[in-house]
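Okay, so here's the structure we're looking at.
The values are calculated or read from the model by the stated rules, or taken from the named source; none is laboratory data. Computed from a prediction, not measured in an experiment: that's the story for all the values here. Here the Cβ positions follow ideal geometry from the backbone for every residue, glycine too, while neighbour counts run over all protein chains shown. Protein only, heavy atoms only, side chains kept; ligands, DNA and RNA dropped before computing areas. Shrake-Rupley method; radii C 1.70, N 1.55, O 1.52, S 1.80 Å.
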Amino acid sequence: MNFPWLTTLLVLPLVGALVVALLPRASSAVRPVALGFSLASLAVGVGALTQFSAGSQEQFQLTEIYPWIPQFGVSYAVGVDGISLTMILLGLILVPVCILAAWEDVPADGRRQHTYFAMMLALLATMIGVFAAIDVFLFYVFFEAMLLPVYFLIAMFGGTRRGRAATTFLLYSLAGGLIMLVAVIGVYLAGPRGTDGFLLSNLEGLDLSVAAGRWLFLGFFIAFAIKAPMWPVHTWLPLAAEQARPATSVLLIGVLDKVGTYGMIRFCLTLFPEASQWATPVVLFLALVSMVAGALLAIGQNDMLRLIAYTSVSHFGFIVLGIFVFTTVGGAGATLYMINHGFTTAGLFLVAGMLIVRHGSRDIRDYGGWQRVTPVIAGVLLFSAMSGLALPGLNSFISEFMVVLGVFENYPWLGVVGAFGVVLSALYMLLMYQRIATGPRPVLAEVPDMTGREKLVVAPIIVAFLALGFFPKPVLDVLEPAVQQSLQQVGIQDSVPAVDTANAEGSGR
Amino acid sequence: MTEQFVAPAINYTGLLPLIIVLVGGLVGVLVEGFASRGARYAVQLPVAVATLVLAFVALVVLGPRSHGLTAADTIAIDGPALLLQGLLLLISLLALLVMAERLGGQQADTFTQAGASTPGSAEEAYAERHGASSTEVFPLSLLSVAGMMLFVSANDLLLLFIALEVLSLPLYILAGLARRRRLLSQEASLKYFLLGSFSSAFFLFGSVLIYGYAGSMRFGDIAAAVTANVGMDGLLIPGILLLAVGLLFKVGAVPFHAWTPDVYQGAPTPVTGFMAAATKIAAFGAMLRVFYVAVEGVRADWQPILAAVATLTMVVGAMLSIVQTDVKRILAYSSIAHAGFVLVGLIALDQAGISSTMFYLTAYAFMTIPAFAIVGLVRSSGTEASQIGQWAGLGKRAPWTAAAFTFLMLAFTGIPLTSGFTGKFAVFAAAISQGWAWLAVVGVLASAVTAYIYFKLVVLMWRGGDESGDTVVATPSMLTVFAIVAGVVVTLALGVLPSPMLDLAQSTAAFLR
């Protein structure tokens, strides 16, 4: 038997969470232990990566399948393809960074610090679970379980309106998730049923009636659209991002929201190819609206954290666009963008967090000229902003370019609108930087520049910007086969226009 | 008059658990009469616990061997009956342990010493001065449990009615025995009694109509008449609906729910837990049998009506729960919403419907008892602090209790890896597989709505800041601790490893006719 890489990855952070939670009340070891467990998980993740072969014929690798609730057809089944493995690695890299970033966020009185870092580790475990599950029910379990650590991270640690923000987040997610539950049950009943009827491999290529397929597709899609978040169900995100700690927001937007777009690829596309193509026009429309509306809202925003949240709405629109144009280059671009956006958001939120700690205000109007006060922080902010607007040579450029290319292949006029969105992103990023960092030197009490710990926090992110910007090929090599496979399941051999295939399939039914 | 009366054969081994509980109850009554005031508690509690344990052992040992209809086909000993009886015994055991809590005092803490006296009267003061004890709750509960056990295995409308009264009457009294806020409690008792009597009357009227239609009260005969289509259909459907009113009242389904919040709030908290958990099991058990065995043949007529009731129940229960400010009322409205979820499973009308309903009942009962037990422990200056504002910051002062309550709230919400989720999944899956997907959609939306209030409670307990409250968690004795821990463990087990219980529910999901 092979080494259970994924189960180890799941269990290790959970054990860490328990250990952290049970440390003695006055212990000073909370933060080092949490960091240690997250780094150990990262090491296991790298180990798993070495066992993964990009060119393999198997759809999922490192699989482990055991029966769990045979009465419902549920198995404990985990496995990864290129997309899920890179998403897991993204989480594994960002969690230690976030723990380090949140190092001084929570005072060590009582058990609050224990709770905060235990929740972070628990969140890591559920994140890994959600990306590694290849059983629809198991995916659903992690999808819902994931809400809890985030809920507590927002509800217990955050701004003055954190309770409301957490509840809004929870209700949106739960409503979406529960609608998905009906679809999850529906998929099982439409499938082969039996003791392993929830295995993804047993559910692909189901012979659904057109109407049933579309209803089930909607059930999944609504949940993922809320998670992603797409316009018009994005409204929980700015509130959550505004009230949560920056480190929480990094994980929330950087990794968790990717479950939305990941789910679209993994479940919507592969389980309901016909319905996916049927819904494409509407989805593309919503994606474009998300892009433009998110960008415009970001431009008009004075709250730093809200601004970053709105840029994410815009970027998620872009990712969905890439997924639903149904071309390999678009899909690969979108999945690569998911990784890049994770790092970009992390950079922006963490720098914003550093600024807020120093100045005590989230309002951009209270800043100005900080380049002269804290040149290093301003420099990292500029770097992150450049990554966000996809400057060539930085990470987002390649993926954005690929998505636009993919869009042009199938829908030239949509490509024009997409390119317009890219221009808008330059506007809000540069505006933000201009208003925060440029101008005359502000009258301020002595403000320290970036500390050693903070440099350690941003270093991996900047390395990622550059590495993914100059040399994305290894990541693309891992992603592309998985994207191709999922497109094949939709019934598309690369750039054949999606609409034609839909018609051909439709007449065959 | 040529027919000779033949005494019906009675399967006493099959009925032994029921008999044990009845005898235990009667012994309890004798103890009340003969034991000295000081010794009663020390005798009653072991008697009650021993009765329930013994009955449970008898059930497990003898039950599977004595399948069949007995007592002239008026009692069915079959899978669902045995499973639900066993469940009732276990739940009642936990509930009794919570009722016995004295919080270090000499009195059962939550019960008044003088139930019959007017609040604030001289009699009450006299009883208190003399250390009167309220140990009558033990025999009363046992008698109620006996009624419930009969309720889930009755195969005859008349016996069902008798069981209904046997289970209800002790509850009416128990509801009025709260030690504090006596008026509220007595009002609850009276309200429960009056409305309960109305519903019993409806039930009886429905039975009569069905008797008029089928010429018999036995479920088997009714089912035969329904298939044979004897005419007089005008009696059947109204009969079923009136019967349903009586049963739906007991589970607190909308629009027969109006009593629930007031009674739940007014009754002593451990009794509320007992009512919420055990009465629901009994009433749904009877409902399953009536609908699946007796009148399944005309399902097309009553299924849509039940579906409408289920929809209303879920929506109203969820909507009203979120505006409550009293923890007991929140749990009351949430119990209404949960009744709606169970109804969704019941409507599926196949084996999965039976097993999922039974699973949900199990899950719900095991989270309800500890939840109410915890509510009973949260106190402010000597009385229960059931206003949600009083719960602020509880997590800091009593982290373990708060953690247990948080976990139970997750289960109420239906978050995966708790029994609440498995139960919801089971009933919704059963409903969807029978073409009731829209009902499941309503159900999940209602769950999302109820999540708001559960999480509001949770966040209130855990968020820092408000230290002004004087609310504390009383230190419970081992009795309550056991009940809470058992409930939480079962809630977790049914969420993480539900297979054995699902197996049990599925293998017993067949009614005898």
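Looking at A:V443, is it surrounded by fewer than 18 Cβ atoms within 10 Å (Cβ to Cβ), β-branched (V, I, T) and assigned to a loop (DSSP other than H, G, I, E, B)?
yes
Just one of B:V315, B:V251, B:V263 is over 13 Å from the mean Cα position of the chain (by Cα) and open to solvent by less than 10 Å² (accessible area, probe 1.4 Å); which is it? Checking each option against the conditions leaves just B:V263.
Of the residues making up the range B:1-53, those that are open to solvent by 50 Å² or more (accessible area, probe 1.4 Å), closer than 19 Å to B:I75 by Cβ, of a type outside the set (S, T, N, Q) and in contact (Cβ under 8 Å) with a residue 24 or more places away in the chain number 6. Of the residues making up the range A:143-198, those that are facing chain B (nearest Cβ under 7 Å), open to solvent by less than 30 Å² (accessible area, probe 1.4 Å) and among the β-branched types (V, I, T) number 3. When A:G79, A:G73 are checked against the criterion of being away from chain B (no Cβ under 14 Å) and either surrounded by 21 or more Cβ atoms within 10 Å (Cβ to Cβ) or more than 20 Å from the chain's Cα centre (by Cα) (or both), A:G79 stands alone in meeting it. So, in the range B:51-89, of the ones that are at pLDDT 90 or above and of a type in the set (S, T, N, Q), which residue ends up farthest from the chain's Cα centre (by Cα)? So the residue we want is B:T51. No other residue among B:A225, B:A244, B:A258 is over 30 Å from B:Q113 (Cα atoms) and either at pLDDT below 90 or open to solvent by 20 Å² or more (accessible area, probe 1.4 Å) (or both) apart from B:A225. Within the range A:130-170, the set of residues being without any contact (Cβ under 8 Å) to a residue 60 or more places away in the chain and aliphatic (A, V, I, L, M) comprises A:A133, A:V141, A:A145, A:L147, A:L148, A:A155, A:M156, A:L170. The residues on offer are B:T406, B:T471, B:T362, and the sole one that is at the interface with chain A (Cβ under 10 Å from one of its Cβ atoms) and in contact (Cβ under 8 Å) with a residue 24 or more places away in the chain is B:T406. Every test in (1) open to solvent by less than 10 Å² (accessible area, probe 1.4 Å); (2) in contact with a strand residue (DSSP E or B) (Cβ under 8 Å, 6 or more places away or on another chain) is passed by A:F52 save one, and that test is (1). Of all the listed residues (B:G376, B:G389, B:G393), the sole one being more than 16 Å from the chain's Cα centre (by Cα) and under 17 Å from B:T269 (Cβ atoms) is B:G376. Condition first: within 10 Å of chain B (Cβ to nearest Cβ) and touching a residue at least 24 places away in the same chain (Cβ under 8 Å). Can you find one or more residues in the range A:117-129 that meet it? Checking the range A:117-129: not a single residue is within 10 Å of chain B (Cβ to nearest Cβ) and touching a residue at least 24 places away in the same chain (Cβ under 8 Å). Output yes when any residue across the range B:290-297 is among the aromatic types (F, W, Y) and either open to solvent by 20 Å² or more (accessible area, probe 1.4 Å) or touching a Cys at 6+ places or on another chain (Cβ under 6 Å) (or both), and no when none is. Taking every residue of the range B:290-297 in turn, at least one turns out to be among the aromatic types (F, W, Y) and either open to solvent by 20 Å² or more (accessible area, probe 1.4 Å) or touching a Cys at 6+ places or on another chain (Cβ under 6 Å) (or both). The set of residues from the range B:365-402 being over 21 Å from B:A100 (Cβ atoms), more than 14 Å from every other protein chain (Cβ to nearest Cβ) and not hydroxyl-bearing (S, T, Y) comprises B:A385, B:Q387, B:Q390.
Can you spot a residue in the range A:358-368 that is in contact with a strand residue (DSSP E or B) (Cβ under 8 Å, 6 or more places away or on another chain) and open to solvent by less than 10 Å² (accessible area, probe 1.4 Å)? Looking for residues that are in contact with a strand residue (DSSP E or B) (Cβ under 8 Å, 6 or more places away or on another chain) and open to solvent by less than 10 Å² (accessible area, probe 1.4 Å), one finds at least one in the range A:358-368, hence yes.
Just one residue in the set A:M450, A:M432 is open to solvent by less than 40 Å² (accessible area, probe 1.4 Å) and outside any helix (DSSP H, G or I); that residue is A:M450. Filtered by the rule that a residue be surrounded by fewer than 19 Cβ atoms within 10 Å (Cβ to Cβ) and touching a residue at least 12 places away in the same chain (Cβ under 8 Å), the range A:372-381 gives A:R372, A:P375, A:V376. If you go through the range B:63-74 and keep only what is assigned to a helix (DSSP H, G or I) and either within 21 Å of B:L479 (Cα to Cα) or open to solvent by 40 Å² or more (accessible area, probe 1.4 Å) (or both), you end up with B:P64, B:R65.
Please work out if A:V11 is assigned to a helix (DSSP H, G or I), within 22 Å of the chain's Cα centre (by Cα), of a type outside the set (D, E) and surrounded by 17 or more Cβ atoms within 10 Å (Cβ to Cβ). Criteria not met by A:V11. Residues satisfying the criterion are absent from the range A:24-33 (criterion: within 20 Å of A:S249 (Cα to Cα), in a helix (DSSP H, G or I), within 14 Å of chain B (Cβ to nearest Cβ) and out of contact with any Lys or Arg (no Cβ under 9 Å at 6 or more places or on another chain)). Being closer than 30 Å to A:F267 by Cβ, open to solvent by less than 10 Å² (accessible area, probe 1.4 Å) and more than 12 Å from every other protein chain (Cβ to nearest Cβ): is that true of A:A132 here? Considered against the rule, which asks whether it is closer than 30 Å to A:F267 by Cβ, open to solvent by less than 10 Å² (accessible area, probe 1.4 Å) and more than 12 Å from every other protein chain (Cβ to nearest Cβ), A:A132 comes out as yes.
Residues in the range B:411-431: is at least one under 17 Å from B:Q351 (Cβ atoms), surrounded by fewer than 22 Cβ atoms within 10 Å (Cβ to Cβ) and either at the interface with another protein chain (Cβ under 9 Å from one of its Cβ atoms) or among the small types (G, A, S) (or both)? The answer is no; no qualifying residue exists. Among the residues of the range B:402-418, none qualifies, meaning not one is hydroxyl-bearing (S, T, Y) and touching a strand residue (DSSP E or B) at 6+ places or on another chain (Cβ under 7 Å). The criterion of at least 3 residues that are under 19 Å from B:F151 (Cα atoms) is met, among helices (runs of 4 or more DSSP H) falling completely within the range B:202-271, by B:219-228, B:233-251.
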